[in-house]
Amino acid sequence: MRLLGIAGYSGSGKTTLVTKLIPALTARGLRVSTIKHAHHNFDVDTPGKDSYQHRHAGATEVLISSANRWALMHEHRGDVEPSLDDLVAKLSDVDLVLVEGWKFGTHPKLEVHRSVNEKPLLADTDDHVIAIATDDKTLTGLIQPILSIDDIPAITDFVIAFMKNPVP
C-alpha cells in the first residue's frame, strides 16, 4: 500500500482536499482508504447506545456490525497511542492510504497551505513534503512542485504519478 499524508495547519483545507481527492482517485479505479488523526477527546459513539455502554463499562474493544458496515473502537486505557505504521497495518489492502494529520511524521506528505492562515510552510523544515497545494501565487523557487489547491485534476495526476514512482 502506498501512503501519502495530507498535511497542513488547522484551517488550511486538508479535509476539503481529501474529500475531493477520494472521488477523483476512485473514478480512476483506485481503492483508497483514509486515516485521520484527531484530538484526544474525540468520540465516535453516541451516549446511550449499547456500544457506548459496553465501552464505558470497560471493554478494551467494541466491534459493532450491521448489514451495511462494521466499526471497531479500541480504548487505549492508558496505553501509548499507536504509531501510524501500527494503524496502517490494521487496514485492509488498498492502493492508497491518505493520512490526514500527522504533519510531523516521516511519511511522504502533500502540504496544504493557505496564505490567509499566515502560517509557515512545513516544507521549509520537513524533507518529507513532496509537493504543496496552495492558493498562494507568491510561492516560487521551492524544490517541491507547487499545485493550485483548486486544481483537483492536477493534484490527482500528481498523486497517481507519486504512486508509480514514490519518493524514498
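Close amide-amide hydrogen proximity is noted between residue 147 and 132, 133, 134, each under 5 Å apart and 5 or more residues distant or on a separate chain (H modeled in the peptide plane; Pro and chain starts excluded).
Placing unit charges on each Cβ (+1 for Lys and Arg, -1 for Asp and Glu) gives segment 66-118 a dipole about its Cα centre, and among 68, 98, 113 the Cα reaching farthest toward its positive end belongs to 68. How large is the charge dipole for segment 1-65, taken about the Cα centre, if only the Cβ atoms of Lys, Arg (+1) and Asp, Glu (-1) carry charge, to the nearest 20 debye? Here the size comes out at about 460 debye. Between helix 14-26 and the chain, what is the angle of the helix's C-alpha long axis to the longest principal axis, kept within 0 to 90° and rounded to the nearest 10? Value to nearest ten degrees: 90. Placing unit charges on each Cβ (+1 for Lys and Arg, -1 for Asp and Glu) gives the chain a dipole about its Cα centre, and among 39, 26, 131 the Cα reaching farthest toward its positive end belongs to 26.
Helix 152-164 and the longest principal axis of the C-alpha atoms of the chain enclose an angle of approximately 80°. Across segment 100-115, computed HN-Hα scalar couplings (Karplus, 6.51 cos²θ - 1.76 cosθ + 1.60, θ = phi - 60°) run 9, x, 6, 5, 9, x, 9, 8, x, 9, 9, 7, 9, 10, 10, 4 Hz from first to last residue, x flagging Gly and Pro.
Order these peptides, 17-26, 127-136, by their mean beta-carbon neighbour count within 10 angstrom, highest first. Intermediate results must be reported in sequence, preceding the final value.
Details: 17-26: 16.7, 127-136: 19.3.
The densest-packed peptide leads the list: 127-136, 17-26.
Rounded to the nearest 20, the size of the Cβ-charge dipole of the chain about its Cα centre is 380 debye, with Lys and Arg at +1 and Asp and Glu at -1.
Near the amide H of residue 5, within less than 5 Å, lie the amide hydrogens of 99, 109, 110, all on another chain or at least 5 residues away, with H placed in the peptide plane. For the peptides 143-155, 93-105, 62-74, residues were scored by their other Cβ atoms within 10 Å and the scores averaged per peptide; the highest-first order is 93-105, 143-155, 62-74.
In this structure, the pairs whose alpha-carbon distance is over 24 Å, taken from 36/119; 137/164; 14/49, are 137/164; 14/49. Mind telling me which of 81, 61, 118 comes out most flexible in a GNM of the chain, alpha-carbon contacts under 10 Å? Of 81, 61, 118, the Gaussian network model singles out 61 as fluctuating most. Counting only aspartates and glutamates at least 8 places from residue 20 when in the same chain, those with an alpha carbon closer than 12 Å to its own are 150, 151.
Remind me, relative contact order of segment 1-94 in percent, using alpha carbon pairs under 8 angstrom and six or more residues apart? Reported relative contact order: 21 percent. The amide H of residue 102, built 1.01 Å from its N in the peptide plane, has 37 as neighbours under 5 Å, considering only residues 5 or more places off or on other chains.
Since every read-out is calculated from the coordinates, none of them should be taken as a lab result. Model, not experiment: these values are computed from the prediction. When we count neighbours, we look across all protein chains shown, and the Cβ atoms used for this are built from the backbone with ideal geometry, even at glycine.
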